[in-house]
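A.B. asks: Input: one structure, supplied below.
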Amino acid sequence: MVDESWQEDQIEKLVYVNASGILYASMREMVSIITGRGFFPPLTLPSCSFMGMFKAHEDARKKETELSTQPPLDLPATPSGG
């Protein structure tokens, strides 16, 4: 649940970026712990930001919306006069 004072148009961004970051950080730690129990040094996944992925997701959605509002190019011409 997101606090009611949060801007409505920012909720998807908050969930997409923050939830992904929290899950990835937890997974990153678990991978390091599990791989560190063997004979080799622990595997450490690189840290990353999910903001770029969210922006790409937003751009793809905008492009899809633009394409869905354009009429199809393969429609036959309507007969005139008649």
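A.B. asks: Subtract the Cα-Cα distance of Leu43 and Trp6 from 0.36 nm times their separation in residues, and report this length gain in nm to one decimal. Let's see the in-between values first.
C.D. replies: Working: separation 37, 0.36 × 37 = 13.32 nm, distance 3.76 nm.
So the chain would gain 9.6 nm between Leu43 and Trp6.
A.B. asks: Relative to the longest principal axis of the C-alpha atoms of the chain, give the angle of the C-alpha long axis of helix 20-35, reported between 0 and 90° and rounded to the nearest 10°.
C.D. replies: Here the helix axis deviates by roughly 40 degrees.
A.B. asks: Given contacts defined as C-alpha pairs under 8 Å and at least six residues apart, what's the relative contact order of the chain, whole-number percent? Mind showing how you got there, number by number?
C.D. replies: Working: 32 pairs, mean separation 19.4, N = 82.
RCO, the chain: 24 percent.
A.B. asks: How far is helix 51-69 tilted, in degrees, relative to the longest principal axis of the Cα atoms in the chain, given as a value from 0 to 90 rounded to the nearest 10?
C.D. replies: Relative to the chain, helix 51-69 is tipped by roughly 20 degrees.
A.B. asks: What is the spread of the Cα atoms of the chain along each of their three principal axes, largest first, in whole Å?
C.D. replies: Computed over the Cα atoms, the extents are 83, 39, 17 Å.
A.B. asks: Can you tell me which aspartates and glutamates have their Cα less than 20 Å from the Cα of Lys13? Leave out same-chain residues fewer than eight positions away.
C.D. replies: Qualifying aspartates and glutamates at Cα under 20 Å: Asp3, Glu4, Glu58, Asp59, Glu64.
Bear in mind that the values in this text are calculations on the coordinates, not laboratory data. Just so it is clear, the structure is predicted and the values come from calculations on it, not from any experiment.
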